[in-house]
Amino acid sequence: MRKKSKYNVAVVGVGAVGIEMLKVLRSRNFPVGTLKVLARSERDITVDGQTYHVAAITPEAFEGIDIALFAGTEGEKGAAVTFAPEAVKRGAIVIDNGADFRMDEDVPLVVPEVNPKDVKKAKKGRGIIANPNCSTIQMVVALAPVHRLYKIKRVIVSTYQAASGAGSKAVAELFEQTKAILSGMESKPEAMPQRIAFNVFPHIGGFAECDYTSEEWKMIKETHKIMHTDKIMVSATTVRVPVRTGHSESIYVETKKPVDIEEVKKMLASVPGIIVLDDTRSCVYPLPVDVEGKDEVFVGRIRKDPYNDKGMWMWVVADNLRKGAATNAVQIAELLVKR
């Protein structure tokens, strides 16, 4: 991609993630020349007081586009498989938020704070860069500095994932079920496999190998690809919780060398993209309600395993629609522009 002062951008999909992409492009002052918003059907939408015309997606719509951001939302499922090659054919670099290309060997899987140099592989490959799964992104942002310092041997993670991770219909279902139950009425799940209001359930994605869900396998395989090692033993349990937006994760880390917790806290606090909130005396720790609309990964409850000098815990929270999706994609685009 030639160095320019402005770049023609396409945003594909206007679900929850696509809307956030439009917001993030504006809030981060991305150097947009022409902006095209594409989806299955033509219409106008309003985001934060600004009206955008949504054009029907066609191969020809990518003419003159430098960077194409595919939102990968539930309403646009499969769009990247059909149209990403068409965008690349016309000279664009595609950044895809869906799962279609993440594990392809010739497609880099990028979290800018962790493996920024991998964006260079896009041109050598298929002109596509994949955005990782939301739960993986926030975890590896927190893990990578610890790995550089102590070398991680094992990770055990339990996630507490918001309804918005399952799309706008799931968020609507959370509110509708809550209102129904408070009114004394029954409410059956439709957008999610179990009732979400006043409930939690360990079922995100379909059940797969070893009775792990597809979401759990994503966290394992994507972590290995992003961190360039399959030597880290990762085991995950992913749980849906009645929260609108913001994923939380309880992460146990076992390292190869003894851990100095104060050193870990200072190191994490110095890393761009991480905000440490860790003052248990004042009940200060990250909460999903506080991180909504923010782009950083928040880390707290950093503590040593009292029975293992090489073990430690972290509580990691991020906005799954922003850093877990839209912001990470735009940050990848920023890397392309810089390079």
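The Cα-based radius of gyration of the range 24-143, divided by its Kirkwood radius, gives an Rg/Rh of 0.96. Each label was represented as a point 7 Å from its Cα along the Cα-to-Cβ direction; for Lys120 and Ser187 these points are 5.1 nm apart. The alpha carbon convex hull volume per residue for the range 65-135 rounds to 84 Å³. Is the chain best put as rounded, prolate or oblate by its Cα gyration tensor, with a ≥ b ≥ c the root eigenvalues, rounded for a/c under 1.5, and otherwise prolate when a/b is larger than b/c, oblate when not? Oblate.
Looking at the chain only, what percent of DSSP beta bridges run antiparallel? Nearest 5 please. So the antiparallel bridges amount to about 50 percent of the total.
Put a plus charge on the Cβ of each Lys and Arg, a minus charge on the Cβ of each Asp and Glu, and nothing anywhere else: the dipole of the range 135-320 about its Cα centre is then about 480 debye. Footprinting exposure proxy ranking of Thr327, Thr255, fewest other C-beta atoms within 10 angstrom first, gives Thr255, Thr327. The relative contact order of the chain, computed from alpha carbon pairs under 8 Å that lie at least 6 residues apart in sequence, is 18 percent. Projecting the Cα atoms of Ile204, Ala326, Gly127 onto the charge dipole of the chain (Cβ charges, centred on the Cα centre) puts Gly127 farthest toward the positive pole. Using only alpha-carbon positions in the range 106-245, the gyration tensor eigenvalues give semi-axes of 33, 17, 13 Å once each is multiplied by 5 and square-rooted (largest first). Checked against a 26 Å cut-off, the cross-linked pairs Lys153/Lys221; Lys6/Lys89; Lys23/Lys124; Lys123/Lys338; Lys294/Lys338 give Cα-Cα distances beyond that limit for Lys23/Lys124. By the helix-only formula, in which each DSSP H run with n ≥ 4 contributes -39500 (n - 2.57) and the sum is divided by residues, the chain has a 222 nm mean residue ellipticity of -8500 deg cm²/dmol.
Panel order for Tyr252, Tyr150, by other beta carbons found within 10 Å of each beta carbon, from fewest to most: Tyr252, Tyr150. Annotation: the antiparallel percentage among DSSP beta bridges lying fully within the range 135-320 is about 70. Under the shape rule built on the C-alpha gyration tensor, where the axes satisfy a ≥ b ≥ c, the range 185-339 is rounded, since a/c falls short of 1.5.
Any read-out appearing in this document is the output of simple, stated calculations on the displayed coordinates, not a laboratory observation. Quantities reported herein were computed from a predicted structural model and do not represent experimental measurements. All Cβ positions, glycine included, derive from the backbone under ideal geometry; neighbour counts span all protein chains shown.
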